[in-house]
1. Can residue A:243 be described as buried (at least 24 other Cβ atoms within 10 Å of the Cβ) and under 21 Å from the mean Cα position of the chain (by Cα)?
2. Given the criteria in contact with a Phe, Trp or Tyr (Cβ under 9 Å, 6 or more places away or on another chain), more than 27 Å from residue A:28 (Cα to Cα) and of a type in the set (Gly, Ala, Ser), does residue A:390 qualify?
3. So how many residues does the range A:217-249 have that are facing chain B (nearest Cβ under 7 Å) and under 20 Å from residue A:87 (Cα atoms)?
4. Could you tell me how many of the residues in the range A:246-267 are under 15 Å from the mean Cα position of the chain (by Cα) and under 23 Å from residue B:4 (Cα atoms)?
5. Of the residues that sit in the range A:165-213 and are of a type in the set (Ser, Thr, Tyr) and part of a helix (DSSP H, G or I), which one is farthest from residue A:251 (Cα to Cα)?
6. Quick one: is residue A:20 in a helix (DSSP H, G or I), more than 21 Å from the chain's Cα centre (by Cα) and under 30 Å from residue A:348 (Cα atoms)?
7. Has the range A:391-402 got any residue that is in a loop (DSSP other than H, G, I, E, B) and within 23 Å of the chain's Cα centre (by Cα)?
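The values are calculated or read from the model by the stated rules, or taken from the named source; none is laboratory data. Predicted, not measured: the structure shown is a model, and the values here were computed from it. When we count neighbours, we look across all protein chains shown, and the Cβ atoms used for this are built from the backbone with ideal geometry, even at glycine.
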Amino acid sequence: MSRETLIDLIYLVSATTFLFALKGLGSPKHARRGNMVAAAGMLLAVVATFFKYVDGHPLHHVLLILLGIFIGAIVAVPVARFVKMTAMPQLVAIFNGVGGGAAALVSITEFVHIKSTHPATYVVLEVLLGVLIGTVSFSGSSIAFAKLQELMTGRPITYPGQQIINGVVGVGALALIITILVTGSTVLLWILLALAFVLGIAFVLPIGGADVPVLISLLNAFTGLAVAASGFTLGSNLLIVAGTLVGASGILLTRLMSAAMGRSLSNVLFSAFGSNITASGATERDDGRSVRSGTPEDIGVLLSYASRVVIIPGYGLAVAQGQHVLRELAEVLEGKGIEVFYAIHPVAGRMPGHMNVLLAEANVPYEQLKEMDEANSELQTADVALVVGANDTVNPAAMDDKSSPIYGMPIIRADLAENVIFLKRSMRPGFAGIENELLYNPKTLLVFGDAKDTLTKVVATLKAS
Amino acid sequence: MGNVLLQYATVLVLTIFVGTEIIAKVPSILHTPLMSGSNAIHGVILVGSILILGAANTNLEMVLGFLAVILGTLNVVGGFVVTDRMLEMFKAKPPTRKPKSDEVAE
């Protein structure tokens, strides 16, 4: 067997481990092992690559390659190890961005490398697509990172004629691609790079903080496609398979998430959602209606007489760092023979499935986490729905108020339960800036204050009784 | 053009279908690890980065290739470590705890 065949076989094994990892994610039990297998497969592929021949000679600059890997690893490991779980979305965003950047660089360098041999038009096209998509992913992810990390405002940034300007930049990039295809100019390639960079930023600026998770999922798909394009250029099946897998999964996930918010993908990307809602929605309902507010002791009483409690957590819980106390509360209730489960909205948190990760970190067993549809069918028989740090995901306006910006979004039906307890910091509306009718419902008990403090007091009350 | 391109296109199309099939089965509770895990997988661009740096003839190619290797490594190492950290937390209920808490309830 020749050296090249052996290396290709090893690449085949690696590609299989990637599939294995994604398949493992079908259940929490096998997911971790799958991820480790894929990591091993990746290591195998990287090591095998060192023995490859390029242009008929063994790899040059091996020391430089090792140095680059060393630098990358020494930065990535501590960052990935020690960042807080609430900061996970921006971390995924930035790791995705650098991947896109790497794909763009690979495509550019390959173009510079093979230019003198006058490559076929389709090869140049692959290069240009890799550069365009990879760079958009890089600059777009960087802005998404800045938004989530609160280095800049999370509100959509809009300016007059924004859509038109973005359209012009996009069309300009396409025109440039055609020109480069015809002329093969390297100078124009650098202009395309700059234009793609601007396009990525301009594309992300008008997208509001609440929609950034969908965006990251889409950018993840972009990077995958850029990697697949590099795979075409370099003639590597491994890159094509891995890149396409990620591209397909990212696009699928993006569509699932848009559906979970009851909106189309184009609405998420182009409507600058949340930019003008606070002005109109929040004030008009301020007509002095009263809410029923209570104390942590009241919660304790309500809960101890319940036989079935549904907890509906939102991102506010994670901000207050109340996950551990919440789990303690659930355990105390279970100790009293009360049935407890958590109803998780698909877009709770700042990333799809983010709330599951945050609760898992607090050792909540995953069997207690119920997805929206299942939770809704059980909420009718629940005695208490305990809403902690969630707001928009339980807002009935999504069902019955056609004028509401979130109309059509599937919600968790907290309103079906016998009693609703709302833990809130204040009467301020949620992330999307919309008034919540459920707060004024006669069966709703509002308890103001920091979620962690309140929950701690509730636990103390329950333990004392 | 020719057969090579066609072969790559075949791989591309088949992978789209396989990928969509597998990913549609991932439950929504694991969507964050899925995003992070697939993020790690596109870190395979490191392999491409190594190849272009290994083939570099000019200083420009060397600089770009070196950058690509660093970025690719960040992607792949960071991606796998973060995913592992997330998945480590997804635990089933410890079997020993459950009967105990039931006893208390009785």
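1. Considered against the rule, which asks whether it is buried (at least 24 other Cβ atoms within 10 Å of the Cβ) and under 21 Å from the mean Cα position of the chain (by Cα), residue A:243 comes out as yes.
2. No; evaluated as a whole, the condition is false for this residue.
3. 2
4. Final tally of qualifying residues: 2.
5. A:183
6. So residue A:20 passes the test.
7. yes
Residues are listed down the side, and each one gets a yes or a no for (1) outside the structural domain of residue A:142 (by TED's automatic domain parsing); (2) of a type outside the set (Ser, Thr, Tyr); (3) over 22 Å from residue A:134 (Cα atoms); (4) in contact (Cβ under 8 Å) with a residue 60 or more places away in the chain:
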residue: A:157; (1), (2), (3), (4): no, yes, yes, no
residue: A:164; (1), (2), (3), (4): no, yes, yes, no
residue: A:173; (1), (2), (3), (4): no, yes, no, no
residue: A:185; (1), (2), (3), (4): no, no, no, no
residue: A:193; (1), (2), (3), (4): no, yes, no, yes
residue: A:196; (1), (2), (3), (4): no, yes, no, yes
